[in-house]
Amino acid sequence: MPGAETAGPEEVRRPVRLLLDQIAHNPAYVVGRWLDLLATNRLADLLLADFPRLPQHERNLARQLFRNPAMRTLFQDRRGIAVDAVGFLRMSTGTYPGDPRATALITELACHSPEFRKLWSAHHVHRNPHGVRRLRHPRVGPLPLTHESFALPGDPGQHLVTYQAEPGSPSEHALRALTAE
C-alpha cells in the first residue's frame, strides 16, 4: 500500500549518490515524492542554488520555485515549470494519500503563493519526464538545456533529473565556466 511507505524519510542509495558525482559535466539531482532535493551534484548546486547550504526544510524544488525570488528569475519558462511542479505534487498525492509532509507543504505553498493556489485548484495531474528548460543564470547568462527525469525503480517516488547542453553550444561553455569558478 503506497500510503504505508510515507512513514520514514527518503534516503538516496549510495550507488545513486556515486552516479551523481560521476555526472560531473551535467547538473543532476534526485528528488523525492514531494520534490524534496534528496541529493545533488556540484554543478546542480552551482546552476540552481547552493542546496547543501540551505536548511533541510528549504531543500524542496516546489518551495524554492514558489517562495524564493531568485529561483523565480532563474527559469525563463517559469510558468511551465510551475505547472509541472504542481502536476507532479498532485500525482504524488494520489500515489501517497494522506502523507502529513505533503499536507504541510501544500498548505504552506497555498498560504504564501496565489500562483500555487490557482494552479493547485486546477487539479492538473502530470509529470514531465523530459523537455527543454530555458534558464538565465546570473553569472553565465542564458542557458537552454534539455532535461531528462528517470524514475528510480528500486526507490519508489524518487527521480533522477539531469540537464544537458548541446555539445559545443554556448550553454555547454557556460556550464564549464560555472565549474571553473
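Data overview
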| read-out | value |
| --- | --- |
| Any hit, the range 14-23, residues being within 29 Å of Ala122 (Cβ to Cβ) and among the charged types (D, E, K, R) | no |
| Subset of the range 145-158 (residues that are more than 15 Å from Leu48 (Cβ to Cβ), part of a strand (DSSP E or B) and either over 12 Å from the mean Cα position of the chain (by Cα) or in contact (Cβ under 8 Å) with a residue 60 or more places away in the chain (or both)) | Thr146, Phe150, Ala151 |
| Selection status of Val86, touching a His at 6+ places or on another chain (Cβ under 8 Å), aliphatic (A, V, I, L, M) and either surrounded by fewer than 13 Cβ atoms within 10 Å (Cβ to Cβ) or over 21 Å from His147 (Cα atoms) (or both) | no |
| Lone qualifier among Leu65, Leu109 - being at pLDDT 95 or above and not in a loop (DSSP other than H, G, I, E, B) | Leu109 |
| Answer residue from the range 1-59, given it is of a type in the set (Ser, Thr, Tyr) and modelled with pLDDT of 90 or more and is nearest to Phe150 (Cα to Cα) among those | Tyr29 |
| Residue, surrounded by the most Cβ atoms within 10 Å (Cβ to Cβ), within the range 152-165, restricted to residues that are out of contact with any Ser or Thr (no Cβ under 8 Å at 6 or more places or on another chain) and more than 30 Å from Val140 (Cβ to Cβ) | Asp155 |
| All positions within the range 119-129 that are touching a Ser or Thr at 6+ places or on another chain (Cβ under 8 Å) and in contact (Cβ under 8 Å) with a residue 40 or more places away in the chain | Arg127, Asn128 |
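A quick yes/no check of all residues on (1) touching a residue at least 40 places away in the same chain (Cβ under 8 Å); (2) over 16 Å from the mean Cα position of the chain (by Cα); (3) within 20 Å of Arg72 (Cβ to Cβ):
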site: Thr93; (1), (2), (3): no, yes, no
site: Ala102; (1), (2), (3): yes, no, no
site: Leu105; (1), (2), (3): yes, no, yes
site: Glu108; (1), (2), (3): yes, yes, yes
site: Pro114; (1), (2), (3): no, yes, yes
site: Arg117; (1), (2), (3): no, yes, yes
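The values are calculated or read from the model by the stated rules, or taken from the named source; none is laboratory data. These figures come from a predicted structure and were not determined experimentally. All Cβ positions, even for glycine, are placed from backbone atoms using ideal geometry, and neighbour counts span all protein chains on display.
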